[in-house]
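Peer 1: One structure, as structure tokens, below. Some questions next.
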Amino acid sequence: MDKFTVFTAVAAPYEKPNVDTDQLLPARFLRRPRSEGYQTFLFRDLRYNDDNSEKPDFVLNQAPYRNAGIMVADRAFGGGSSREQAVWALTDSGIRSVIASSFGDIFYNNAFKNGFLPVRLDQAVVEDLRAQLLKNPGARITIDLEKQTVLAPDGKTHGFDIGGFHKQSMLLGLDEVGVTLLNDPEISTFETAYKSRRPWMSAPPRPERG
Amino acid sequence: MKTCFEKIWDDHTVLVREDGQTLLYIATHLAHDGSSHAFNFLANKNLPVRRPDLTFATPDHGVSTLSHKLEDIPDLEQRQVVQTLTRNTGKFGITHFGLDDDRQGIAHVVGPEQGITLPGTTLVCGDSHTSTHGALGCIAFGVGASDIYHVLATQTTWQRKPKQMRVTVNGTIGKGVTAKDIILAIIGKVGTNGATGHVIEYAGPAIRALSIEERATVCNMSIEAGARAGMVAPDETTFAYVKGKPFAPTGANWDKAIAYWKTLPSDPGAKFDLEVTLDASELVPMLTWGTSPEDVAPITGRVPDPAKESDPKRRQAIQDQLDYMGLQPGQLLTDVKVDRVFIGSCTNSRIEDLRAAAAIARKGKVKIPSMISPGSTLVKKQAEKEGLDKIFKDAGFEWRESGCSMCVGMNGDLVGPKERCASTSNRNFRGRQGKEARTHLVSPAMAVAAALTGHFADVRDFL
Ligand code: SF4
């Protein structure tokens with residue numbers, strides 16, 4: 001997984017609330033092999049016409065935002081389905097962070113597994129950031145994960161919260177499964193105790209294979 | 001003093017890190033045809049499945065509802081992921097209910113039906129509506145591909161303990177009002193963001209009075225209120241439902257299990273971070289009018305009028321939705337014409353849903369294309385045994401095979417552009433059932449009422 005430390009990029013304002021994962025990545029693209037990349041599917045139906053031509057009014061199709069690395073959205077970003085492909089579509093497009101006042105829980109969790117940082121800021125701050133970006137198309141935002149700050153185009157700094165676990169794995173680019181496998185003895189101890197405490201969970205007719 | 005959720009959470013905690021992150025043991029994992037990415041990650045790292053006996057699999061998202069022959073899945077990628085599931089489960093020795101198995105169905109219908117979903121457990125699946133299983137009194141939540149890979153490799157997942165919310169539903173529901181109307185009313189009240197970061201426990205007499213299948217409908221849509229999961233503490237209704245199911249405990253183990261399950265309900269005085277109360281006797285049949293599940297209205301109501309909104313942002317948002325949905329401000333909902341009806345999905349495709357639908361279907365003939373996809377092949381067979389299929393076919397419904405079907409449209413069952421669909425599924429998002437599709441969420445009985453009249457209708461007029 002790519003590390004996330006300090007990230008500076010053009011930020012695109014997107015004022016619509018409730019950007020659900022069906023908008024981020026329509027279901028018909030879910031089956032593509034991971035290795036083929038998901039960048040062409042991001043916001044597919046909002047961004048492109050049926051003949052694959054671009055819809056000029058969609059923010060990511062506008063000149064100042066074509067290379068945006070950050071989006072400043074509204075509330076309830078990434079609600080809906082558990083499809084991690086929604087995160088892949090963002091990261092594969094070079095977008096590594098979304099700033100919003102709230103996120104869908106599963107999306108929020110999926111994000112960190114892919115080096116993608118969802119930043120929660122107050123609704124008023126989010127709206128202010130968007131106003132700045134609209135006034136200054138192509139303006140940049142800097143996100144410093146170590147310090148947990150967002151540096152706005154107007155030079156103001158806003159702090160954000162993030163769990164220590166997520167912060168750690170993002171800063172170091174850790175492979176979560178690798179970390180967990182270090183806890184294998186604890187998992188085995190748990191399993192033995194669980195088996196004797198809840199014997200019906202492993203006894204027939206449940207198939208037991210070891 | 002602990003909540004039901006805390007008791008189960010603690011029982012599955014392997015360890016808690018200093019930063020508060022919990023390594024949670026997963027008692028049951030359900031896989032489906034969408035799980036192929038996770039199996040690929042596992043293969044890339046050359047890792048085995050730690051506990052193949054704790055994963056159960058069935059294809060649902062992309063299967064054809066016209067036929068359960070593999071070669072009848074028209075989309076090549078789709079067919080491949082169904083084949084991949086067969087291959088992966090075979091390779092690791094995972095129990096698999098394939099397309100040729102009567103136990104195939106939507107994972108969230110199959111789990112409870114087979115007794116794989118049990119009270120007092122943790123359950124994950126790569127689908128957000130995994131919350132459905134909470135009806136049995138377990139912690140069940142959806143995860144993404146990386147987390148599934150993690151569960152396959154370690155049988156655990158890292159989670160931060162969510163906050164807890166209790167939704168108490170008092171009173172009794174009136175005739176024609178269903179579990180679907182209860183959950184739509186709850187979402188309308190708390191909003192799509194109302195339970196974010198929380199697990200909901202549904203409580204109160206109106207919830208206790210529900211069958212397990214009805215509780216499944218309620219828990220299913222917890223996710224539409226923003227919740228991570230929803231659950232109902234196990235009771236006698238739960239035990240009676242689980243007893244005798246194929247994978248349920250038997251003999252001495254059954255007695256031990258019951259004794260434990262009886263300790264699970266929240267202790268009196270246990271603390272919840274949020275409390276919401278609703279009176280079931282005030283509810284009427286509901287439907288959604290907009291493109292978010294929180295946009296609910298009683299069937300006796302009207303399409304909202306943006307001009308009456310004082311907040312300009314909200315006014316614009318409503319106008320946008322009406323434009324997308326092709327609705328007129330102030331229009332009576334019973335005047336809204338419907339183009340097609342879909343009865344199915346993990347929200348409303350169990351046998352009780354089909355019985356409720358058939359009770360209305362026998363009163364007329366469909367005026368618009370209407371299809372039914374049972375939640376599992378066993379549900380389909382049971383319905384046929386009861387003659388429900390005949391009632392549906394006589395009324396003009398299409399009687400299909402089991403799968404996710406038009407809930408997500410991945411198998412080609414799609415709502416056309418600008419077509420209006422009365423659907424028993426759970427999401428009315430833009431484009432969910434097809435590009436530019438206009439989805440209205442309703443109960444099975446309300447869906448049939450729309451099918452028989454060609455517009456939205458109050459199902460109570462049919463009783
Ligand atoms: S029926 Fe719909 S919501 Fe349920 S599992 Fe299938 S796609 Fe997901």
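Peer 1: Alpha carbon centre of the stretch B:272-286 versus the stretch B:65-116: separation in Å?
Peer 2: 37 Å
Peer 1: I would also like to ask the following. Please state, to two decimals, what the Cα-based radius of gyration of the stretch A:26-104 comes to when divided by 2.2 N^0.38 Å (N = residues).
Peer 2: 1.09
Peer 1: Which number do you get for Rg(Cα) / (2.2 N^0.38 Å) in the stretch B:4-274?
Peer 2: 1.00
Peer 1: Could you work out the relative contact order of chain A? I mean the mean sequence separation of Cα pairs under 8 Å and 6+ apart, divided by the number of residues, in percent.
Peer 2: 24 percent
Peer 1: Sorting A:44, A:34, A:197 on the 10 Å Cβ count, fewest up front, what's the list?
Peer 2: Taking fewest neighbouring Cβ atoms as first place, the list is A:197, A:34, A:44.
Peer 1: In chain B, what % of DSSP beta bridges are antiparallel (nearest 5)?
Peer 2: 25 percent
Peer 1: Hey, could you pull the Cα Rg and Dmax for the protein assembly as shown, both in Å?
Peer 2: Values for the protein assembly as shown (Cα only, Rg and Dmax): 23.8, 71 Å.
Peer 1: When the gyration tensor of chain A is built from Cα positions, what are the square roots of 5 times its three eigenvalues, in whole Å, from largest to smallest?
Peer 2: 37, 22, 15
Peer 1: List the relative contact order of chain B as a percent without decimals, with contacts defined as Cα pairs under 8 Å and 6+ residues apart.
Peer 2: Rounded, it is 17 percent for chain B.
Peer 1: Quick one: order B:42, A:174 by neighbouring beta-carbon count within 10 Å, fewest to most.
Peer 2: Fewest to most other Cβ atoms nearby, the residues stand as A:174, B:42.
Peer 1: Is there a pair in B:175/B:418; A:113/A:147; A:167/B:256; B:189/B:271 whose C-alpha atoms are over 31 Å apart, and which pairs would that be?
Peer 2: B:175/B:418; A:167/B:256, as the Cα separations exceed 31 Å there.
Peer 1: Take every residue in peptide A:73-83, count the Cβ atoms of other chains within 10 Å of its Cβ, and give the average of those counts.
Peer 2: Mean shielding count: 6.
Peer 1: Fewest first, what order do B:182, A:162 take by the number of other Cβ atoms within 10 Å?
Peer 2: A:162, B:182
Peer 1: Where the Cα atoms of chain B are projected onto their three principal axes, how long is each span, largest first, in whole Å?
Peer 2: Each principal axis gives a Cα extent; for chain B these are 56, 55, 43 Å.
Peer 1: Over all distinct Cα pairs, what is the inverse of the mean 1/r for the stretch B:286-462, reported as the Kirkwood hydrodynamic radius in Å?
Peer 2: Taking the inverse mean of 1/r over all distinct Cα pairs, the stretch B:286-462 comes out at 16.1 Å.
Peer 1: Which distance in Å, rounded to a whole number, links the C-alpha centroids of the stretch A:85-152 and the stretch B:400-434?
Peer 2: Going from one Cα centre to the other spans 31 Å.
Peer 1: May I pose another question? Would you kindly work out the equivalent ellipsoid of the stretch B:1-141 from its C-alpha gyration tensor and give its semi-axes, the square roots of five times the eigenvalues, largest first in whole Å?
Peer 2: Listed largest to smallest, the semi-axes of the stretch B:1-141 are 29, 18, 12 Å.
Peer 1: Could you quote the convex hull projected area for the stretch B:354-436, Cα atoms only and averaged over all directions, in nm²?
Peer 2: 5.3 nm²
Bear in mind these aren't lab numbers, they're just calculated from the coordinates by the rules spelled out. In this text, all values refer to a predicted model and were calculated from it rather than measured experimentally. Positions of Cβ are backbone-derived with ideal geometry, glycine not excepted, and every protein chain shown enters the neighbour counts.
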